[in-house]
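Visitor: Handing you this structure, nothing more for now.
Bear in mind these aren't lab numbers, they're just calculated from the coordinates by the rules spelled out. This structure is a prediction, so every number in the text was calculated from the model and none was measured. So basically every Cβ, Gly included, is an ideal-geometry build from the backbone, and we count neighbours across all protein chains shown.
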Amino acid sequence: MLIVLGRESNWSIIVKTELQLLVRKNLQSNLILLVQQQPSRSKTESQTYKKQDKMPANIKEHSFIKGLKNRCSHLLHHQKATTDSSEVMAIKSREAKLTLNPSREEVLKWTESLDNLLAHKYGMIAFKTFLKSEYNDENIEFWLACEDYKKIKSPTKQACKAKKIFSDFVEPMSPKEINLDYYTKDTIMKSMQHPTNTCFEGAQKKIYGLMENNGYNRFLQSDIYQNILNNSHNHHQT
């Protein structure tokens, strides 16, 4: 039996494995059932197996070999599908890594303006990481929260988000209170009754100015930026 199937290169290993498992379980008499992995027999299947019991030996052997080959074909197909899936995942991982890893041109462009830095996803994350290392990340978090706030269309969700931003960053003694003058804070507080799309606009501009004049320049001189620049790839690198 193994000699017949041995003509097909990859099948012999699977067949031997299948047979070894069956012998250990002492279920040779139910070999066909185990090959097809049926936990229980339906009425139709029982009738089919009864008919097979009455078959001549050569026909039964042929039926067994055919079933075993079908089983092996299924296992090989499953193995190939798993391999193909792994290869696809590996390719996607490499593509994602290349996408996230900025080019040297992009990293150098960050030095031109804070806008360029914040517009680049990798740059924004790097800048936020730097500010967090200085325990000064409340400004970038407030700025990003305002950016998200301006994208909200639903008045109900907008009001909820406005209160969240106010309680987190503007309210006195809030956990991430930002440095704003009294007039700006008072203006925001009054707008909380009927939040608008621009209620944080003045505060966001002030915080942007603080980041631009302080944290941004320090970031460009930091080890974080220098490491990113040194590890960046050329624009045409693949």
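Visitor: Go ahead and run the numbers for FRET between residue 221 and residue 176, Cβ-Cβ distance against an R0 of 22 Å, rounding to 0.05.
Guide: Efficiency, from the Cβ-Cβ distance: 0.30.
Visitor: Ordered by packing density, taken as the mean number of other Cβ atoms within 10 Å over each peptide's residues, highest first, how do 147-153, 167-173, 200-206 rank?
Guide: Ranking the peptides 147-153, 167-173, 200-206 by packing returns 200-206, 167-173, 147-153.
Visitor: How much space per residue, in cubic angstrom, does the convex hull of the C-alpha atoms of the stretch 111-163 take up?
Guide: For the stretch 111-163, the hull spanned by Cα atoms encloses 83 Å³ per residue.
Visitor: In nanometres, what is the gap between the two model label sites at residue 134 and residue 111, each 7 Å from Cα along Cα-to-Cβ?
Guide: 1.8
Visitor: From the cross-link list 153/185; 109/151; 109/163; 157/185, which pairs have alpha carbons spaced over 31 Å apart?
Guide: Violating the 31 Å limit, Cα to Cα: 109/163.
Visitor: Once the convex hull of the alpha carbons of the stretch 138-211 is built, what does its volume come to per residue, in cubic angstrom?
Guide: Hull volume over Cα atoms, normalised by residue count, gives 73 Å³.
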